[in-house]
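Heads up: the structure comes next, in structure tokens.
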Amino acid sequence: MQINRTNYLITGATGFLGSNIIKKINNNFFKGKIYYTYREKKLILKKKNLIPIKLDFSIDSDLSKIKTFLSKIDVVIHCANLAHGKYKLELLRDINYNATLRLAIICKIFSVKKFIFLSTAKINMNYQNTYNNESSYKNNYSDDIYSKIKLETEEKLKKIFNFSNTKLYLLRPALIYGKNVKGNLKKLHKIVQLNLPLPFGLAKNKKTFCSIDNILNLIIEISLMDFKSGSFIVCDNFRYSLKEIICEISKKLGKKEKIFKINLNILKFLFYLLGKKEIYLSMFSEMKLLNCKLKRYSRVNYNKNLSNTKFL
């Protein structure tokens, strides 16, 4: 295996994806440096080659801190991001859009070689299509503030790095799973752990997900290889239904799955009545993404899946 002497800046490095990226890079073959940003002191990573930078992306002046070392950086991996539904729109837009663009402009000035932006495959989710690729846009993405901001950020980043020395990579991962995952998959894991009967026996519609191993391998490949720039959906080759996911979680927990059948129209009525239309669609609709474009340029096989990835 080749020695990696690349210098990285990883933002949001103490989150689920960012922390896994650092673990993947910082192995016995890594001889470069990793500068990473953090907000909470308790999350500082104290390991060889790691250089922490306390940074609040909501404060303009804070970004000036990275100017002191940016000329040494080869690859920026921008993971810093606020999850939708937890923050006010103003703060969400300031961190996910404005701060990203401010960082990009500084990176362009210092001619950083590669800028990897972690976006979302929700941009391409169209519940009315059988399959979705990079050019498929979700019919109602404008109603999803998070996806809308991500798409606007992508478009602006293209303009910033156009005719520059920096290669731009817009990665749109499907819902990522892996050890210590957070969000809805963690909630589902807790529900299954209770070993209660669940009414998802008819939830057989397939959905696309992304193993943490697959996206990590892609990021390493992009950072070290002469990889074509552009926007890419990142996902597994396999698709899973909600029922299959519950069965897999139960299996890993050493429990027998308890699933019973209930008419989906009844569940739909209940979800819609409670104003949870988006949750119903995400759980029970077909959501199939294609990674064909990515596989034209990537050597990663994307065969990591639920059964051979540490789930939680």
Selection within the stretch 116-137 - under 24 Å from Glu221 (Cβ atoms), part of a loop (DSSP other than H, G, I, E, B) and under 18 Å from the mean Cα position of the chain (by Cα): Ser119, Thr120, Asn133, Glu134
Look at Asp236 and say whether it is at negative phi, touching a Cys at 6+ places or on another chain (Cβ under 7 Å), surrounded by 20 or more Cβ atoms within 10 Å (Cβ to Cβ) and modelled with pLDDT of 85 or more. yes
Residue ranges of strands (runs of 3 or more DSSP E) in the stretch 141-225 with at least 1 members more than 14 Å from the chain's Cα centre (by Cα): 167-173, 207-211
Does Ser111 qualify as being over 14 Å from the mean Cα position of the chain (by Cα), free of Cβ contacts under 8 Å to residues at least 24 places away in the same chain and open to solvent by less than 80 Å² (accessible area, probe 1.4 Å)? no
Mind counting the residues in the stretch 166-178 that are at pLDDT below 95 and surrounded by fewer than 21 Cβ atoms within 10 Å (Cβ to Cβ)? 1
Subset of the stretch 239-276, residues surrounded by 13 or more Cβ atoms within 10 Å (Cβ to Cβ) and of a type in the set (Lys, Arg), comes to Arg239, Lys243, Lys251, Lys252, Lys255, Lys258, Lys268, Lys276
Of the residues that sit in the stretch 179-233 and are over 23 Å from Phe29 (Cβ atoms) and of a type in the set (Val, Ile, Thr), which one is surrounded by the fewest Cβ atoms within 10 Å (Cβ to Cβ)? Ile191
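The values are calculated or read from the model by the stated rules, or taken from the named source; none is laboratory data. Keep in mind that what you see is a predicted model, and the values were worked out from it rather than measured. Glycine gets a Cβ as well: all are built from the backbone with ideal geometry, and neighbour counts include every protein chain shown. Only protein heavy atoms, including side chains, enter the accessible area calculation; ligands, DNA and RNA are left aside. Shrake-Rupley method; radii C 1.70, N 1.55, O 1.52, S 1.80 Å.
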